[in-house]
Amino acid sequence: MNIVIVGLSHKTAPVEIREKVAFPPTEMEAPLQQLLALPSISEALIVSTCNRVELYVISRQSSAAVVEMRQFLAAFHGLDIEKLQEHLYDLEGTAAIQHVLRVASSLDSMVIGEPQILGQIKTAYGYACEYKTAGLILNRFLRKAFSVAKRVRNETAIASNAVSVSFAAVELARKIFDSLDNKTVLLIGAGEMCELAAKHFVNNGVSKVLVTNRTFSRAEKLAEEFDGTAVNFDNFQEQLHRVDIVLSSTGAPDYVLNAKKLKEICKDRRYKPMFLIDIAVPRDIDPAAGKLDCIYLYDVDDLQGVVQANLKERGKEAAKAELIIKDEVAQFQSWLATLEVKPTIVALRQQFEQVRRAEIERTLSSLSGLSDKERKAVESMSCAIINKILHHPTHVLKQATNGDDGSLYLDAVRTLFALPDPVEQDSDIE
Amino acid sequence: MGTMSLLFSLTTLIYLVASILYIVAMVTKKQSASRIGRWVLLVGVIFHATCFGVRHSTVGGTPVTSLHESLAFFAWCLILLFLLLDLRFRLSVMGAFAAPLAFLLMVASVLSPNVVVQLNPVLQSWLFPVHITFAFLGNAAFALSFGAGVMYLIQNRMLKSKSFTGIYQVLPSLDVLDKVNYTCLSVGFPLMTLGIISGAFWANTAWGTYWSWDPKETWALLTWILYAALLHGRLTIGWRGRKAAIFSIVAFMFLLFTYLGVNLLLDGYHTFEAFALL
């Protein structure tokens with residue numbers, strides 16, 4: 001039994017392709033049932049997000065399954081398989097297990113560590129459960145993926161730092177003020193990024209928002225959105241001593257705030273620190289002000305720098321996460337192997353037992369005049385032969401599940417002794 | 001002596017374990033590690049107190065008369081004060097400074113000759129333990145204020161130079177560091193004042209004069225004036241942040257000289273030899 005994946009993601013396909021292959025979340029029953037109906041597939045799940053479309057299936061014949069899944073993807077969406085093929089990847093066995101664990105832990109995401117993907121996979125699993133296309137192995141596997149994702153989140157700092165510019169501003173402010181409670185924000189101008197940053201600030205505890213704009217009505221409109229106060233542009237500087245955080249993005253050709261004014265304001269504020277973000281180009285705030293002790297002034301590039309630094313930090317954490325995943329892949333692999341070992345050993349013994357019985361019966365019926373005691377002796381001798389012969393192979397099979405080539409031995413034994421496919425014996429497991 | 005040196009080594013080891021826990025807590029931002037660190041330090045401070053008690057009964061007097069004993073006592077005061085302040089204020093980040101400093105003080109104590117100096121009978125007084133306790137608790141508070149000041153300057157530098165990696169991620173916010181710096185200053189100043197006053201009374205019982213411009217007294221007064229100026233600047237002029245951090249670092253340098261430099265380099269009542277000879 002193998003986990004097989006066919007799919008595409010932001011790494012292999014542009015958005016024009018991805019949108020064509022996506023499955024609408026409201027109509028998952030049909031594709032899931034069609035996928036499960038394919039001859040070499042015994043369990044199926046479809047993950048479809050804006051960044052990836054992946055089919056997870058359980059199959060006994062991996063290569064056949066891959067071909068069927070590719071055809072299914074193309075046919076279902078009415079696409080040319082030749083064109084689609086170049087964007088598709090397929091994975092099986094260890095690589096497939098590893099892939100799913102990495103995806104669930106957000107290591108394969110466009111923005112590493114982003115939290116949405118786990119929820120999306122949970123939803124996909126929900127559909128597979130609802131339409132009964134997930135069986136024993138996928139159930140266990142997906143639950144494993146969720147717990148690994150949780151472990152990665154808890155044991156590494158992969159998602160702890162901001163990776164958007166507007167949130168980076170909040171994070172930076174926290175390194176100055178610690179808590180943003182009871183702080184006052186002033187928005188100068190009405191840039192989209194400022195607005196977004198202001199939203200983040202309000203969500204993180206900022207209690208008072210002042211808005212100023214050359215066009216007073218626009219200031220009023222924006223102020224309303226934040227439950228704040230509009231300030232006349234001509235005298236907004238009079239309010240500055242009450243302001244802890246300034247977000248500026250006007251279209252003004254000159255500085256809206258000069259260093260001299262800010263120096264005065266520092267004094268009025270008894271040198272309490274002030275955090276200013278200048279998103280405007282050309283800039284609104286004299287960069288020289290940044291040299292003042294109590295002024296912490298940043299422009300767009302600086303915030304971009306925070307984002308870059310955080311992404312780098314996430315990269316480091318991702319390396320830790322990969323180790324966790326490696327460990328978990330091995331664990332799941334060995335569970336998967338034991339899943340098949342037991343039925344194989346049982347089938348092997350059954351077959352030997354059948355041969356033994358048939359031969360014993362034949363021999364004993366042709367030998368008359370044996371005492372009960374002698375009959376018993378012959379029988380127990382035949383049992384002993386079988387036990388002795390099977391002792392070592394059984395041991396090897398059990399051991400092999402711990403290694404990578406476990407399924408190799410299982411396949412060999414099944415082929416050599418023409419054992420029946422253990423699929424029908426699934427109910428014996430667990 | 002066997003029990004005592006065992007307790008001493010154990011205490012040193014406990015401070016090391018706590019240091020590691022607090023540093024891990026700071027780097028990984030896991031509060032659980034600093035909570036464990038706090039309990040470990042509590043155990044350490046109790047062990048250390050026991051060690052101190054054993055030495056007290058062996059020596060037959062307050063055992064803070066040699067450099068060896070004094071450094072260890074400093075470490076104990078530092079941890080005790082840190083734990084007390086941590087109960088009241090948000091101070092756990094300072095554990096990553098206090099615990100390693102206590103560990104280093106213990107190591108320095110081990111490296112300095114372990115001698116027992118019998119206090120001159122003239123100096124035997126209940127004011128001796130009172131004096132040193134106030135003085136060392138004050139020192140401990142100022143050491144913490146110094147640590148917060150250094151951290152502030154580093155973090156401020158990171159913020160101003162816009163380098164947002166490494167230590168920037170690890171250090172707490174400027175606001176927290178400035179508050180810790182101020183809290184320790186406002187706790188340390190009255191302690192130091194009481195230390196100086198009790199010292200004066202002690203001097204009076206021993207030699208019949210409250211103040212004799214002994215080098216230790218002179219330097220202590222100078223340090224006291226510096227800290228008074230800093231406290232004043234903070235309360236009335238609105239000194240804070242970088243300026244206050246630098247000031248507290250400079251003042252601590254004076255304090256270090258008052259504590260160690262005077263005893264080791266200058267002559268006077270306070271040299272460790274003088275305790276016995278005088």
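The values are calculated or read from the model by the stated rules, or taken from the named source; none is laboratory data. Keep in mind that what you see is a predicted model, and the values were worked out from it rather than measured. When we count neighbours, we look across all protein chains shown, and the Cβ atoms used for this are built from the backbone with ideal geometry, even at glycine. Just so you know, the surface numbers come from the protein's heavy atoms only, side chains and all, with ligands and any DNA or RNA stripped out. Shrake-Rupley method; radii C 1.70, N 1.55, O 1.52, S 1.80 Å.
Residues are listed down the side, and each one gets a yes or a no for (1) within 14 Å of another protein chain (Cβ to nearest Cβ); (2) in contact with a Phe, Trp or Tyr (Cβ under 6 Å, 6 or more places away or on another chain); (3) surrounded by 15 or more Cβ atoms within 10 Å (Cβ to Cβ):
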position: B:W211; (1), (2), (3): no, no, no
position: B:K216; (1), (2), (3): no, no, yes
position: B:I225; (1), (2), (3): no, no, no
position: B:L231; (1), (2), (3): no, yes, yes
position: B:T236; (1), (2), (3): yes, no, no
position: B:R242; (1), (2), (3): yes, no, yes
position: B:F247; (1), (2), (3): yes, no, yes
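Taking the stretch B:135-183, which residues are more than 30 Å from A:E317 (Cβ to Cβ), of a type in the set (G, A, S) and within 14 Å of chain A (Cβ to nearest Cβ)? Result: no residue meets the conditions.
Quick check on the stretch A:291-301. Is at least one of its residues free of Cβ contacts under 8 Å to residues at least 12 places away in the same chain, within 14 Å of chain B (Cβ to nearest Cβ), in contact with a Leu (Cβ under 6 Å, 6 or more places away or on another chain) and not basic (K, R)? For the stretch A:291-301, residues free of Cβ contacts under 8 Å to residues at least 12 places away in the same chain, within 14 Å of chain B (Cβ to nearest Cβ), in contact with a Leu (Cβ under 6 Å, 6 or more places away or on another chain) and not basic (K, R): absent.
Could you pull out the residue among B:V24, B:V54, B:V59 that is more than 18 Å from B:W76 (Cα to Cα), in contact (Cβ under 8 Å) with a residue 40 or more places away in the chain and surrounded by 14 or more Cβ atoms within 10 Å (Cβ to Cβ)? The match here is B:V59.
Screening B:R35 with (1) farther than 25 Å from B:H131 by Cβ; (2) crowded, with 22+ Cβ neighbours inside 10 Å gives one miss only, at (2). Residues being within 23 Å of A:L303 (Cβ to Cβ), among the β-branched types (V, I, T), in a helix (DSSP H, G or I) and within 14 Å of chain B (Cβ to nearest Cβ) are entirely absent from the stretch A:193-215. It is to be established whether one or more residues within the stretch A:172-183 are away from every other protein chain (no Cβ under 14 Å) and of a type outside the set (D, E). Checked against the condition, which is being away from every other protein chain (no Cβ under 14 Å) and of a type outside the set (D, E), the stretch A:172-183 yields no hits at all. Just one of the listed residues (A:M28, A:M1) is surrounded by 14 or more Cβ atoms within 10 Å (Cβ to Cβ) and within 27 Å of A:S334 (Cβ to Cβ), namely A:M1.
For every residue, the table says whether it meets (1) open to solvent by 10 Å² or more (accessible area, probe 1.4 Å); (2) within 14 Å of chain B (Cβ to nearest Cβ); (3) assigned to a helix (DSSP H, G or I).
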site	(1), (2), (3)
A:C129	yes, no, yes
A:K132	yes, no, no
A:N139	yes, no, yes
A:R151	yes, no, yes
A:N154	yes, yes, yes
A:A157	yes, yes, no
A:S160	yes, yes, no
A:F167	yes, yes, yes
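The set of residues in the stretch B:93-109 being open to solvent by 30 Å² or more (accessible area, probe 1.4 Å) and either among the small types (G, A, S) or at pLDDT below 85 (or both) consists of B:V93, B:A108.
Here is a yes/no grid of residues against (1) among the aliphatic types (A, V, I, L, M); (2) open to solvent by 20 Å² or more (accessible area, probe 1.4 Å):
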residue	(1), (2)
A:L8	yes, no
A:V15	yes, yes
A:A22	yes, yes
A:L38	yes, yes
A:S42	no, yes
A:A65	yes, no
A:A74	yes, no
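Among residues of the stretch B:110-121 that are surrounded by 12 or more Cβ atoms within 10 Å (Cβ to Cβ), those with a beta-carbon under 6 Å from a residue that is of a type in the set (S, T, Y) at least six positions away or on a different chain give the pairs B:V115/B:S66; B:V117/B:T65; B:V117/B:S66; B:L119/B:T65. If we scan the stretch A:190-212, do we find a residue that is under 37 Å from the mean Cα position of the chain (by Cα), acidic (D, E) and farther than 29 Å from B:Y168 by Cα? No, that holds for no residue. If you go through the stretch A:224-239 and keep only what is within 18 Å of A:M193 (Cβ to Cβ) and not aromatic (F, W, Y), you end up with A:E225, A:G228.
Just to verify a result, which residue in the stretch A:270-319, among those that are open to solvent by less than 10 Å² (accessible area, probe 1.4 Å) and hydroxyl-bearing (S, T, Y), is nearest to the chain's Cα centre (by Cα)? So, considering only residues that are open to solvent by less than 10 Å² (accessible area, probe 1.4 Å) and hydroxyl-bearing (S, T, Y), the one nearest to the chain's Cα centre (by Cα) is A:Y298. For the structure I just gave you, tell me whether A:Q71 is closer than 30 Å to A:P343 by Cα and not aliphatic (A, V, I, L, M). For A:Q71, the condition - closer than 30 Å to A:P343 by Cα and not aliphatic (A, V, I, L, M) - is not met. Note on the stretch A:233-274: residues that are assigned to a loop (DSSP other than H, G, I, E, B) and at negative phi total 14.
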